[in-house]
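One structure is given here, and the rest of the page talks about it.
Since every read-out is calculated from the coordinates, none of them should be taken as a lab result. These numbers were taken from a predicted model, which means no experiment stands behind them. Methodologically, a virtual Cβ is constructed for each residue, glycine included, from the backbone with ideal geometry; neighbour enumeration extends over all protein chains shown.
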Amino acid sequence: MFGLLKKRSHLIGVDLGNDCLKLAQLTNGTEEALLLAGQYVNRPAEIVAGTARWQRWAVDVMREATANGHFKGKEVVAALPANEVYVDHLRWPKKFDGKIEDAIFAKIKQKLPFEPIQKNTMIKYIPTEQDNVMVLATERAVIDRHLAIYERAGLALSSIGVWPVALATCYAHFFGRRKTDLDAIVMLLDIQPDCTNMVISRHKNPLYACSVPIGAKLLKEEPMVGRLVGADRWPTAVSCDLQECADRASDLPVGAGGGTGHLSHRGPAVGGPGADGRLHGGHDCERPRSIRLGPQKRQGQLGPGVRSEPVLNGV
């Protein structure tokens, strides 16, 4: 049970992607989280993602959004876009000299979608299960670019994370609150305009992550819907074989992983069945807590009292 609304500033979640910019700020209600403010802005078609003009557009949107009085404070948490994070799945190195990061870099350097210079590469790793490890890597220049955007927007960046961790953490905090949820394995989908990001996690611990180039824009076409959610695409049997998931994902169009070099589907199987013996999609679980949008209603936003049940898009 949440306490009463406290008179303090709350962090603003920012999801800065290539195609859109989303901001959301939550607060604690008596029984559920409330949305204090939110904004969704599409990138203008004439602006190319990743360019200096794109950066100026992002800065201007953030400045305007946080200056109109709806958002409280200037402190933000953010997540790097999926296309700027290389994800791989490896066996934990059994023998290595020096730091574990050095051993991991040696395994992934030939697969990186950017110049494989270790001092210019930021690597984070997440031990998963069965001696496996999820590797997340990006260029330090990407981090510097995002830090500069938030600084120029006049925002105080509390932390910047990666989308697999953001999705798993959000699910665990808002939806995985039953005792049985602690051991259940769930599949989380974040449908963006041009891609769908998928995470398989055991509660807040991500086990596998990948991205496929089928997003909301293509879901108007029935064949694409079938390719994304068809039973032959993702594993739904009693065993959570993530290598099977990777193999099936590789049947999707080029860009669904290793084909683009951005997200890899390599790696051995990890994980196991959920508490009830099957892989959950998240939609059939009782949710003891929801997110309710606040009383404000502005152009381009949902109205009052609308409940948002899916996992938030990484913020």
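Put a plus charge on the Cβ of each Lys and Arg, a minus charge on the Cβ of each Asp and Glu, and nothing anywhere else: the dipole of the range 112-202 about its Cα centre is then about 280 debye.
The alpha-carbon atoms of the range 146-213 define a convex hull whose volume equals 109 cubic angstrom per residue.
Karplus-based coupling profile of the range 183-197, in residue order and whole Hz: 10, 6, 9, 10, 10, 10, 10, 10, 8, 9, x, 10, 7, 10, 9, with θ = phi - 60° in 6.51 cos²θ - 1.76 cosθ + 1.60 and x standing for Gly or Pro. Between the amide H of Ile160 and those of Ala78, distances stay under 5 Å, these residues lying 5 or more places away or on another chain, with hydrogens modeled in the peptide plane. Straight-distance candidates among the lysines for linking to Lys22, with alpha-carbon spacing under 22 Å and chain neighbours fewer than 8 residues away dropped: Lys72, Lys74, Lys217, Lys297. If R0 equals 51 Å, the separation of the Cβ atoms of Arg177 and Arg63 corresponds to a calculated FRET efficiency of about 0.90. Phi-derived couplings, Karplus 6.51 cos²θ - 1.76 cosθ + 1.60 at θ = phi - 60°, listed residue by residue for the range 21-27: 10, 10, 10, 8, 9, 9, 9 Hz, with x used for Gly and Pro. The stretch between Glu32 and Gln118, if pulled fully straight at 0.36 nm per residue, gains 26.5 nm over its current Cα-Cα span.
Across the range 131-141, rounded Karplus estimates of 3J(HN,Hα) from the backbone phi angles (6.51 cos²θ - 1.76 cosθ + 1.60, θ = phi - 60°) give 6, 10, 9, 8, 10, 10, 9, 8, 6, 4, 5 Hz, Gly and Pro being marked x. Ranking Ala209, Leu188, Gln130 by Cα position along the charge dipole of the range 123-221, where only Lys, Arg, Asp and Glu carry charges on their C-beta atoms, puts Leu188 farthest toward the positive end.
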